[in-house]
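> Got a structure for you, written out below as structure tokens; questions coming shortly.
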Amino acid sequence: MADTPERPATGRTRYGPWALITGGSEGVGAEVAAQLATSGINLILVARKPEPLAETAQRCRAAGVEVITLALDLTAVDAADQIAAATEGLEVGLLVHNAGANTCNDEFLDAESNSIDTSLDLNIAVMLALVRQFGRPMRQRRRGGILLVGSMSGYLGARRHAIYGAVKAFSRIFAESLWLELREHDVDVLHLVLGLTRTPAMQRAGINFDTPGLTVSDPADVAREGLRQLPHGPVHIVGGNAGALAHSTRPDRAAVLLETQEMMQQLLGPQSK
């Protein structure tokens, strides 16, 4: 299949016939779903909110593919069992773990334990369980793809983001290791590093997208770039943010963190202090 903006290089022969997308109801997850649908890949969409989930499913069915929806809180104790039941008998050739919200926005010592646990469950425990569940058959078939959506937050610390930054760093290192383990089995692994993206979640958070000097990405562009880069893991930084990340990983960590904190205050206002 030609690698064009309209039809990403993610055909059924490589990644189909089914793809499972967590966080598939809106933002980047919904755009990944829509673009996979144009490639003829059937979809299992998992998200917590049923209304936007149904809207995205209808959009994808219009492209002529089958869509199964599962309105599910991924941190529920039986979430993995529900996903296993919903996908029984289906050949899932692509796993996109896009669910990974920041549920802990307090300074670490003041944070409620449940908000910390939710972030760890959603960003680490659920991710590991799904990769094991669907990665093993991919390895046996010697084809498939695993796309883990990450964040630039995983490259440096920030106030009120201690847990979120840490889990995204975990995800990146995990993806790099998984890429090494699965490349000889012809299973593609990519950790897709997102910068600031104009998603509904970010808009609800009150992000000031007009802050001078910011690079802001569109969810459809992020999805397109991620699907194109899936065969070229283990890590890809979207939206021209590679330069900014290189700057943020320089050795003087104190300077990096203080500069970042100043930028966060512009983005989030007093809540970032």
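> For a quick protection proxy, order the peptides 34-43, 251-260 by their average other-Cβ count within 10 Å, most packed first.
34-43, 251-260
> Can you pull the one-decimal nm distance between simple spin-label points at Asp106 and Arg61, each 7 Å off the Cα toward Cβ?
Using points 7 Å along Cα→Cβ, the separation is 4.2 nm.
> Gaussian network model of the chain, Cα springs within a sub-10 Å range: biggest mean-square fluctuation belongs to which of Leu214, Leu95, Leu196?
Of Leu214, Leu95, Leu196, the most mobile in the Gaussian network model is Leu214.
> Considering the Cα positions of the range 17-123, please state its Rg to one decimal place and its Dmax as a whole number of Å.
14.8, 50
> To continue, here is another question. Taking the Cβ of Pro137 as the center, what net charge do the other residues with Cβ under 14 Å away carry, scoring Lys and Arg +1 and Asp and Glu -1?
+3
> Rg over Rh of the range 93-245, using C-alpha atoms and the Kirkwood radius, what does it come to?
Rounded to two decimals, Rg/Rh equals 0.98.
> For the range 66-149, which GluC sites (Glu not before Pro) are in a loop by DSSP, counting at most 10 other Cβ atoms within 10 Å?
Glu88
> Within the range 112-139, whose backbone N sits under 11 Å from a point 7 Å along Cα→Cβ of Glu181?
Counting backbone N atoms under 11 Å from the label point, the list is 128-129, 131-133, 135-136.
> Kindly rank 53-62, 122-131 from highest to lowest mean number of other beta carbons found within 10 Å of each residue.
Ranking, from highest mean packing down: 122-131, 53-62.
> Under unit Cβ charges (Lys, Arg +1; Asp, Glu -1), what dipole magnitude, rounded to 20 debye, does the range 18-268 have relative to its Cα centre?
It comes to approximately 600 debye.
> Using just the helices of the chain, give the 222 nm mean residue ellipticity in deg cm²/dmol: DSSP H runs with n ≥ 4 each add -39,500 (n - 2.57), and the total is spread over all residues, rounded to 500.
Helices in the chain give a 222 nm mean residue ellipticity of -13500 deg cm²/dmol.
> Quick one: check the C-alpha center-to-center distance for the range 95-109 versus the range 172-188, whole angstrom.
A separation of 23 Å, based on Cα centres.
> Could you order Arg142, Arg48 so the one with the most accessible surface comes first? Probe is 1.4 Å.
Arg48, Arg142
> Now, a different point. I'd like the distance between the alpha-carbon centres of the range 22-51 and the range 217-237, rounded to an integer number of Å.
15 Å
> Here is a further query. Apply the membrane-span-like helix rule to the chain: whole DSSP H runs, Cα extent along the own long axis of at least 24 Å, mean Kyte-Doolittle hydropathy at least -0.5. List the helices found.
In the chain, the long hydrophobic H runs are 162-182.
> Continuing with this model, one more query. Using the basic label-point model (7 angstrom from Cα toward the beta carbon), what is the Glu51 to Ala80 distance in nanometres?
So the label points at Glu51 and Ala80 sit 3.3 nm apart.
> Using a 7 Å offset from the Cα along the Cα-to-Cβ direction at both His232 and Thr13, what is the distance between the two label points in nm, to one decimal?
2.1 nm
The values are calculated or read from the model by the stated rules, or taken from the named source; none is laboratory data. Predicted, not measured: the structure shown is a model, and the values here were computed from it. Cβ coordinates were reconstructed from backbone atoms using ideal geometry, including for glycine residues, and neighbour counts include every protein chain displayed. These accessible areas exclude ligands, DNA and RNA; they are computed on the full protein's heavy atoms, side chains included. Shrake-Rupley method; radii C 1.70, N 1.55, O 1.52, S 1.80 Å.
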